[in-house]
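Note sheet for the following structure.
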Amino acid sequence: MSDKELRASLPDLLPLYYHRLFPFSQYHRWLNYGGVTKNYFQNREFSFTLKDDIYVRYQSFSTQNELEKEMQKMNPYKIDIGAVYSHRPNQHNTVKSGSFQALEKELVFDIDMTDYDDVRSCCSGADICPKCWTLMTIAIRVLDRALRYDFGFQHCLWVYSGRRGVHCWVCDEAARKLSVAARSAVAEYLSLVKGGEETVRKVVLSDPIHPFITESLTVVERYFPQYALLGQDILGSKEAVDKVLALLPEDVRKKLLQYFQTERNPEMRWKTLKSMAQDKRTTAKKGHYFEMEIMLQYCYPRLDVNVSKGVNHLLKSPFSVHPKTGRISVPIDLKELDRFDPFDVPTISLICKELDQPKTEKEQEDTMENENEKEAGEQRKRRDYKRTSLAKYVKLFDKFLEGMAHSRKGELLKNSDLQKNF
């Protein structure tokens, strides 16, 4: 479906999506966080982008039902989620100036393929393909490991943006309560690629190499030969080779230029470059990690640090529809990460079409069973999404929510035991 056709069909498809397919029950369960904190859900900001790019901020809702009705009335083209505020966001104009404050929000990360345009040759701008998608796989592997093992977070929800990137929502209570300074510290710790277009050498390593960098390199090394040497052919054409050589010390650059005149194989070229770096390290007193710097510059996650730093920063919601591609912003299963294909993610037109398919015998039996009951709309909707390609992603979201509920229960039991023993 072309961009023009999609735009023309969204006014018909979105009402169907929000009435019959959007997982409101799970969505509310997520953002309510067990209802532990009073007004947590109703003080959350939602922002809707409507038809013709009309942008509506500071939306908030008391209940799941209220959210559902409003979304079904407004049929947003895009949904963004903001912070939990000190007061209800939809009443922010009535609050005394200065007292309306963003208090909490998930720690979030936004990785966009356009930030890698200087190191990918297959695509540019908003375009992606299976070759460069490997960069998103590496980003998730590197960051998820660091968030879990270096920072101790447990509940990291990875979501496909619907077009050219991925988002991470770290939902642990400790993450949601982080200050702006703490968020900045986490984002800085995770940032290695520094400098704009004019900076040639964007990764500079020094002694001693931090364990986090060593761990990240272990991930990158797994993908580098297939992705960079073969897929992007970074040691193939003269232009590509010059970009790599510009990152090396002058003496090494001269030797390699000479060697490359007779050796054309990218893997052999890389092997020689690596051994030169190792030789340099044994003879020099410090530094010379240039082969590692090249791998990181070409493959390490490029974060939009400002998205992570701010508590009040808005980020596109899971299960929002991407208005340019029609793809649903779905959770990513880390167990199947290497097999995740953004082009397989269901579009709104596909799942609405799947609803029109004749019911299977099993679905007809289920309908018969419920015919005599006044079936709740929620149950009917649950059956509706199960008939579409969206089902496996909602199931994945359910699993994530179960994990959070289990942790909350464990925490409550631990606290009650402590109180008993006190």
Candidates GLU188, GLU198, GLU250: whichever shows maximal mean-square fluctuation once the chain is modelled as a Gaussian network with Cα springs under 10 Å: GLU198
ALA83 long-range amide H proximity, modeled H, under 5 Å: GLU45
Heavy-atom SASA rank of MET276, MET113 (probe 1.4 Å, accessible area, largest first): MET276, MET113
C-alpha long axis of helix 64-74 to longest principal axis of the chain, angle in °: 80 degrees
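At a 1.4 Å probe radius, which order do PHE153, PHE24, PHE343 fall into by accessible area, largest first?
Result, largest first: PHE343, PHE153, PHE24.
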Relative contact order [Cα under 8 Å, 6+ residues apart], segment 279-341, whole percent: 13 percent
Tilt relative to the chain, helix 361-370 - C-alpha long axis, 0 to 90 degrees, to 10: 40 degrees
Derived scalar couplings ³J(HN,Hα) [segment 328-343; Karplus, 6.51 cos²θ - 1.76 cosθ + 1.60; whole Hz; x for Gly, Pro]: 7, 7, 10, x, 10, 7, 5, 5, 10, 4, 5, 9, 5, 10, x, 7
Between 0 and 90°, nearest 10: helix 377-386 axis offset from the chain longest Cα axis: 30 degrees
Alpha-carbon centroids, segment 144-180 and segment 265-339: separation in whole Å: 16 Å
With every protein chain in place, segment 10-81: carbon and sulfur % of accessible area (1.4 Å): 48 percent
Rounded percent of accessible protein surface that carbon and sulfur make up, segment 194-299, 1.4 Å probe: 53 percent
Residues whose placed amide H lies under 5 Å from that of LYS78, excluding near-sequence neighbours: THR49
Extended-chain gain in nm, criterion 0.36 nm per residue less alpha-carbon gap, GLU197 and SER237: 12.3 nm
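Report, to the nearest whole %, how much of the accessible area of segment 86-145 belongs to carbon and sulfur atoms, 1.4 Å probe, protein only. Please list the in-between numbers first.
On the way: 1110 of 2450 Å².
Carbon and sulfur: 45 percent of the exposed surface of segment 86-145.
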Normalised contact order of segment 67-213, rounded percent, pairs of Cα under 8 Å and 6 or more residues apart: 21 percent
Packing-based order for 224-236, 58-70, using average beta carbon neighbours within 10 Å, highest first: 224-236, 58-70
For segment 194-299, accessible area per residue (1.4 Å probe, heavy atoms of protein chains only), Å²: 57 Å²
Ordering of 97-104, 26-33, 398-405 by burial proxy (mean other Cβ atoms within 10 Å per residue, highest first): 26-33, 398-405, 97-104
Solvent-accessible area per residue, Å², over segment 1-151 with all protein chains present [probe radius 1.4 Å]: 44 Å²
Backbone HN-Hα couplings from phi across segment 27-36 [Karplus 6.51/-1.76/1.60, Hz, Gly and Pro as x]: 4, 5, 4, 4, 6, 8, 6, x, x, 5
Whether segment 194-299 is rounded, prolate or oblate, judged on the alpha carbon gyration tensor where a/c under 1.5 counts as rounded: rounded
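When only C-alpha pairs under 8 Å and at least 6 residues apart count, what is the relative contact order of segment 194-299, in percent?
41 percent
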Extension reserve of the ASP338-ALA174 stretch, reckoned as 0.36 nm per residue once the Cα distance is removed: 56.1 nm
FRET efficiency, GLU267 to ASP118 (Cβ-Cβ, R0 25 Å, nearest 0.05): 0.65
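The values are calculated or read from the model by the stated rules, or taken from the named source; none is laboratory data. Predicted model, so just to flag it, every value in this text is computed and none were measured. As a convention, Cβ positions derive from the backbone with ideal geometry for all residues, glycine included, and neighbour counts pool all protein chains shown. Only protein heavy atoms, including side chains, enter the accessible area calculation; ligands, DNA and RNA are left aside. Shrake-Rupley method; radii C 1.70, N 1.55, O 1.52, S 1.80 Å.
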